[in-house]
Amino acid sequence: MAEIKVDPVDDHTMVIPETEISAQKPHRTLRVASLDIFRGLTVALMILVDDAGGEWPMIGHAPWHGCNLADFIMPFFLFIVGMAIPLALKRIPSKGKAVKKVAFRTLKLLFWGLLLQGGFSHAPDNLTYGVDMQMIRFCGILQRIAFAYLVVAFAEIFLKDAQSNDIAAGYCSVFRLYCWHWLLGACILILYLAMLYGIYVPDWQFAVHDKESADYGRVFTVDCNVRGKLNPPCNAVGYIDREILGINHLYLKPAWRRAKACTENSPYEGPFKNDAPSWCHAPFEPEGILSSISAVLSTIIGVHFGHVLVHLKGHSERLKQWIMMGFALLILGIVLHFTHAIPLNKQLYTFSYVCVTSGAAALVFSAIYILVDIWGLKYMFVPLKWIGMNAMLVYVMAAEGIFAGFINGWYYEDPDNTLVGFSLELNRL
C-alpha cells in the first residue's frame, strides 16, 4: 500500500508517494486533500459560529442539553487530530524521537491556548493585553486538543504492536489489530461515567467576578447536596473544576446564561430574570478536567479511522468501515439521547455527545473523501484546503479578531453600514 504521512497537529496533511514512477525520475509526493479540506471546513465553521452565533443562536452552542452547529466544532477537531496521529507516527523510526515530537507539539498547543484563551489577549473587543494570574483561565480549546493528543499519541507509540501494513478487509480486523487502544477507550469511558454519576456534589458559593455584570462582587449560594445529576448547577464536571482549578479560573460567560431559566431573551443573550436561579451568574468551564477526559474518546475514534486509512488499500474497503461505524455511532448517540438515558451535552461531553459528533465527523469526512480523493473534485474546495493547510495561523487570526476586524473595516458612507451590519438587519426582519 502507498505510504501516508501527516504532521499530527500543525499540519495534519496526508502525503502518498507515487509508486508507479520510473526509477530514474525523482521521488515525488501527492497530497491526499480530504483531511486538509475537512480541517479547513471545521476552522471555517468555527469562525462562522464565533462571529455569528450570538445573532443566530441556532448555530451557536446549545445552552445546556442539545447539539447545535457550534457543538460539532470541538469533536471534529479532535477527530481530525486522531486521524493524523497514526499517519504521522508510522514514519518516525524510534519511540524516543516520537515521544520528543509529541511532547513538543503538546507544549506548543498549551502555550498558544493559554495565550489566546487564558485572558492575556483581550481581542477582538479591546486591543489590550495582560491578565491577572489570580484570574487566568487554565483550560480552553487548544489545551483540550493538547491533552487528547498527548494521551492518544502516547497510546499509539507504546501500545502499538502491529508490524504489518496490509491486513484483511474484514470489519473487525483493524479493531483486533489495535485492541489495546479500544481497551484504553473503555477504561476512559468507565472512569468518566463513574465520576460523572458517582461523585457527591455539595452546596457551593461564588462571587461574581465579571466586571461587566451589574452583580459584580455579589456572593451567591447554590443548593445541591446530590449525586449523579446532569443539570447546570450540580453536576460532577463543574464540581471537579471548582475544586481543582478554582472558581476564579473558569470561563465567565458559559452558554447556560442563554437558558430559559436565566433570561427572557432565550435562546439569545439578555438580562437575567429577577427570579433567575443563582447558578445563572456562575462561571463554568466547558473545556474542564472531567469533560476533557471524555473528549479523549473522540480522538481515539479518529485514530481508528486513521488506522483504516493506513492498513486498508481500496477506497471501497475504507469507506465501508468508515460509513458503517459512522452510522452506528450516530444511531447509538441519538437513541441514548431520546430515550433520556444519556442526554447530548457538549458542556459535560457526555457519551451520547461523543457518539453523535464522532458519527457525524465520520460521515462528513467520508463524503469529502468521495468528492475529493475518488471523484477528484479538488478545485471546488481550494479555499478550504488552504485554510486546512494553515489551520493554526487562521485560528490565531480568528481568535485575535483579525478576520472580524477586516470584514467590518469596509463600510459604505457610515461605519455601521458593513456587511455584518446588513446581515444583522436582515436577521431582525
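The values are calculated or read from the model by the stated rules, or taken from the named source; none is laboratory data. Predicted model only: the values in this text are computed from it and were never measured. All Cβ positions, glycine included, derive from the backbone under ideal geometry; neighbour counts span all protein chains shown. Protein only, heavy atoms only, side chains kept; ligands, DNA and RNA dropped before computing areas. Shrake-Rupley method; radii C 1.70, N 1.55, O 1.52, S 1.80 Å.
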When only residues in the stretch 270-291 that are open to solvent by less than 10 Å² (accessible area, probe 1.4 Å) and part of a helix (DSSP H, G or I) count, which is farthest from VAL237 (Cα to Cα)? CYS280
State yes or no: is CYS224 within 19 Å of ALA261 (Cα to Cα), free of Cβ contacts under 8 Å to residues at least 24 places away in the same chain, not aliphatic (A, V, I, L, M) and not in a strand (DSSP E or B)? yes
Filtering the stretch 304-318 for residues that are in contact with a Pro (Cβ under 6 Å, 6 or more places away or on another chain) and of a type in the set (A, V, I, L, M, F, W, C) leaves a count of 1
The number of residues in the stretch 71-100 that are assigned to a helix (DSSP H, G or I), without any contact (Cβ under 8 Å) to a residue 60 or more places away in the chain and either within 22 Å of LEU142 (Cβ to Cβ) or β-branched (Val, Ile, Thr) (or both) is 4
Among the residues of the stretch 304-335, write down those that are surrounded by 20 or more Cβ atoms within 10 Å (Cβ to Cβ), modelled with pLDDT of 95 or more and not small (Gly, Ala, Ser). LEU329
Name the one entry in ASN265, ASN274 that is over 19 Å from LEU297 (Cβ atoms) and out of contact with any helix residue (DSSP H, G or I) (no Cβ under 9 Å at 6 or more places or on another chain). ASN274
Subset of the stretch 244-269 [in a loop (DSSP other than H, G, I, E, B), farther than 17 Å from VAL222 by Cα and open to solvent by 50 Å² or more (accessible area, probe 1.4 Å)]: TYR251, LYS253, LYS260, GLU264, ASN265, PRO267, TYR268, GLU269
Would you confirm, using the coordinates I've provided, whether TYR178 is within 16 Å of SER352 (Cα to Cα) and either of a type in the set (Lys, Arg) or under 29 Å from the mean Cα position of the chain (by Cα) (or both)? no
Here's a check for you: in the stretch 229-277, which residue that is among the hydroxyl-bearing types (Ser, Thr, Tyr) and modelled with pLDDT under 90 is farthest from the chain's Cα centre (by Cα)? THR263
Out of (1) open to solvent by 10 Å² or more (accessible area, probe 1.4 Å); (2) in contact with a Lys or Arg (Cβ under 8 Å, 6 or more places away or on another chain); (3) of a type outside the set (Ser, Thr, Tyr); (4) at pLDDT below 85, what's the single condition that is false for HIS27? (2)
Among the numbered conditions (1) modelled with pLDDT under 95; (2) crowded, with 17+ Cβ neighbours inside 10 Å, tell me where GLY170 comes up short. (2)
Inspect all residues belonging to the stretch 120-133 and state whether any of them is of a type in the set (Gly, Ala, Ser) and either at pLDDT 90 or above or within 21 Å of ALA148 (Cα to Cα) (or both). no
Taking the options ILE145, ILE136, name whichever one is of a type outside the set (Phe, Trp, Tyr), assigned to a loop (DSSP other than H, G, I, E, B) and either open to solvent by less than 20 Å² (accessible area, probe 1.4 Å) or at pLDDT 75 or above (or both). ILE136
From the list ALA33, ALA52, which residue is out of contact with any Pro (no Cβ under 6 Å at 6 or more places or on another chain) and buried (at least 20 other Cβ atoms within 10 Å of the Cβ)? ALA33
Name every residue in the stretch 201-219 that is out of contact with any Pro (no Cβ under 9 Å at 6 or more places or on another chain), in a strand (DSSP E or B) and open to solvent by less than 100 Å² (accessible area, probe 1.4 Å), in order of residue number. ALA207, VAL219
Given the conditions (1) part of a helix (DSSP H, G or I); (2) among the small types (Gly, Ala, Ser); (3) more than 25 Å from LEU87 (Cβ to Cβ), report the number of the one that GLY185 does not fulfil. (3)
